Structure formats: structure tokens, C-alpha cells
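Worksheet: the structure to be examined is printed underneath.
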Amino acid sequence: MTIELSDVVREYRVGGQRVRALDGVNLHIDGGNFVSVVGPSGAGKSTFLHLLGALDSPDSGSIKFGGREIANLGDDEQSEFRRHKVGFIFQFFNLLPTMSAWENVAVPKLVDGQPLKKAKPDALRLLGLVGLADRAEHRPSELSGGQMQRVAVARALMMDPPLILADEPTGNLDSKTGTAIMELLADVAHERGTSRAVVMVTHNLEAAAATDRVITLQDGKIESDEYSSARS
Ligand code: ADP
Ligand code: ADP
């Protein structure tokens, strides 16, 4: 699975001013890669993540996802695309407090119109994958931050999407727990037999350094794009 951005521009009008949040971005992202996006506040990182996740559309340019143009999808098509092609991971986990861990993992199936119970075997398998087989019936309030983020990673995998988007996934974790989550996300990107990309926005340069590729944005442009030599 390959994502290809060509001349992507996203502009906001603030008062009489026009702000280019993304200013002509050209980029290729291949499956099997763990990519981080860094840069100062206001550089365009969130805008970039939202465009990749079809939460927003560019003003001009092309975003091809596995060959399919997603820059101009209608609302229903965007929603359908998000549900099946993208898993989202957030800084504050976004788990539903009244649901157990396995039910939280199964939520994307519920959103897709399927009964929660039917998704239980898959949810339990994914909890095993993230090392939480013994926490399936626990509520989020009974889990540590690192465990909650593991549940969120399992949830992001529920629909087996080719793209995982993570917004500051270590931002609310201590550094040791954050490192473990980074290792888990690397495993998710490198899983054999899949062609999945993980794209993470972060302020944490130590976390970024553990990824395969670091893209630095500045004023809506790609300032640098570096592959780690330590990894393949
Ligand atoms: P980052 O995530 O790197 O902090 P953003 O993508 O949030 O950057 O923002 C990039 C630029 O676009 C900033 O100048 C920001 O103020 C502007 N911007 C982002 N979202 C909006 C919005 N909804 N309305 C107006 N301006 C916005
Ligand atoms: P639908 O349109 O089918 O009701 P949504 O657009 O609410 O679905 O959400 C589809 C997917 O996009 C969900 O997995 C949700 O977590 C994610 N999502 C929705 N809004 C945001 C957002 N502001 N930031 C990141 N992810 C979002």
C-alpha cells in the first residue's frame, strides 16, 4: 500500500489573511514503514495528519491512497474511507469509560454496523497481540496509561487498516512506557504479510528517532525527510 501526495495545498482564511497550513507537499509513503512527522507548533503537522486520514480535504493537489484519489471525496465516502482504511491513535487514548477493554477494541465494528459480540474473538486476539490478554474485562479506569494506549493500538487494528495515524501517542506517558508503545507501533508497521504504514505526529524527538523515517515540516513545507540508517 502506497500513499502519494502531489502538490498538496491546504489554506485557511483567518480574517482577511490567508494562511498556508500546507504549501505544496510532495511525498511518498510506503507500507511497512513507521514514519514520524515533526516540526514546530504551527508547521502543519495536524493538517497533514487530517488530510491523510480523510478528515479534511486539500484545496489543491492530489492524495492517492493505493492508487485511489482521496483528495476530493464527499462526506459519506470520507467517512467510509476512514472506517475501513485508517486506524486512529490519540494522545489521550479516547477510550469509552463504560466499556471493557475488549469492547473498546471492538468499537470500530460497532461503528461499522456490526454487533459488538460478533467481534469479541477478534478483539481478544488483538488484546493478546498488544500484551493485554489478561485485561480484556477491565474498564479503562482500571488500566494504567500504557495499558490504555495498548487498548487503543488494538482498537486501531480492528478493521485491519493499511494506515495507522497516531497523534502524539506518547504525549501522556512516562518515557519508559512511551518507549514500549513506540516498540509496539514499530511491530505494527513491520508485521510480516501486511503492507501497513504507521504515521505518527510527535514533539518527542527521542520517539521520532526510533522510527524508520523522520519528516520535518516547517511553515507548511517539508524541511527535511530522513531515513534512519539503523533500520530498513
Ligand atoms: P501543527 O500541528 O504543526 O501545530 P497545524 O496543522 O495545526 O500545525 O497548523 C498549521 C497552520 O494552519 C497554523 O498557522 C495554524 O494556525 C493554521 N490552522 C490550522 N487549523 C486551522 C483552522 N481550523 N483555522 C484557521 N487556521 C488554522
Ligand atoms: P462517521 O462519519 O462514520 O460517523 P466519524 O467521521 O465520526 O465517522 O469517524 C470515523 C473515524 O474517524 C473514527 O475512527 C474516528 O475515531 C475518527 N475521527 C473522527 N473525528 C476525528 C478527529 N477530529 N481526529 C481524529 N480522528 C477522528
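Restricting attention to region 80-107 and to residues that are within 30 Å of Thr2 (Cα to Cα) and charged (D, E, K, R), the residue that is nearest to ligand 1 (Cβ to nearest atom) turns out to be Arg82. Among the residues of region 195-218, those that are touching a Gly at 6+ places or on another chain (Cβ under 7 Å) and under 19 Å from Phe65 (Cα atoms) comprise Ser195, Arg196, Ala197. Scanning region 53-99 for residues that are more than 23 Å from Val188 (Cα to Cα), within 11 Å of ligand 2 (Cβ to nearest atom) and under 18 Å from the mean Cα position of the chain (by Cα) gives Asp56, Gln78, Ser79. Residues in region 162-179 that are part of a loop (DSSP other than H, G, I, E, B) and touching a residue at least 40 places away in the same chain (Cβ under 8 Å): 5 in all. With respect to (1) within 15 Å of ligand 2 (Cβ to nearest atom); (2) in contact (Cβ under 8 Å) with a residue 40 or more places away in the chain; (3) farther than 25 Å from Met200 by Cα, the lone exception for Val107 is condition (3). Is at least one residue of region 54-66 in a helix (DSSP H, G or I) and free of Cβ contacts under 8 Å to residues at least 40 places away in the same chain? Checked region 54-66: no residue is in a helix (DSSP H, G or I) and free of Cβ contacts under 8 Å to residues at least 40 places away in the same chain.
The residue list Ser62, Ser57 contains one member that is among the polar types (S, T, N, Q) and within 16 Å of ligand 1 (Cβ to nearest atom), which is Ser57. Looking at Val199, Val130, Val188, just one residue is buried (at least 21 other Cβ atoms within 10 Å of the Cβ) and more than 23 Å from His28 (Cβ to Cβ), and that residue is Val130. Residue check: is Val25 modelled with pLDDT of 95 or more, more than 16 Å from ligand 2 (Cβ to nearest atom) and buried (at least 20 other Cβ atoms within 10 Å of the Cβ)? Yes; evaluated as a whole, the condition is true for this residue.
Only one of the numbered conditions (1) without any contact (Cβ under 8 Å) to a residue 40 or more places away in the chain; (2) more than 16 Å from ligand 1 (Cβ to nearest atom); (3) surrounded by 13 or more Cβ atoms within 10 Å (Cβ to Cβ); (4) not basic (Lys, Arg) is violated by Pro121, and that is (3).
Being within 16 Å of ligand 1 (Cβ to nearest atom) and either touching a residue at least 24 places away in the same chain (Cβ under 8 Å) or under 22 Å from Asp112 (Cβ atoms) (or both) is a property that Asp30 lacks. The conditions of being surrounded by fewer than 22 Cβ atoms within 10 Å (Cβ to Cβ), modelled with pLDDT of 95 or more and within 16 Å of ligand 1 (Cβ to nearest atom) are met by Asp167.
The values are calculated or read from the model by the stated rules, or taken from the named source; none is laboratory data. Not measured: the values here are computed from a predicted model. All Cβ positions, glycine included, derive from the backbone under ideal geometry; neighbour counts span all protein chains shown.
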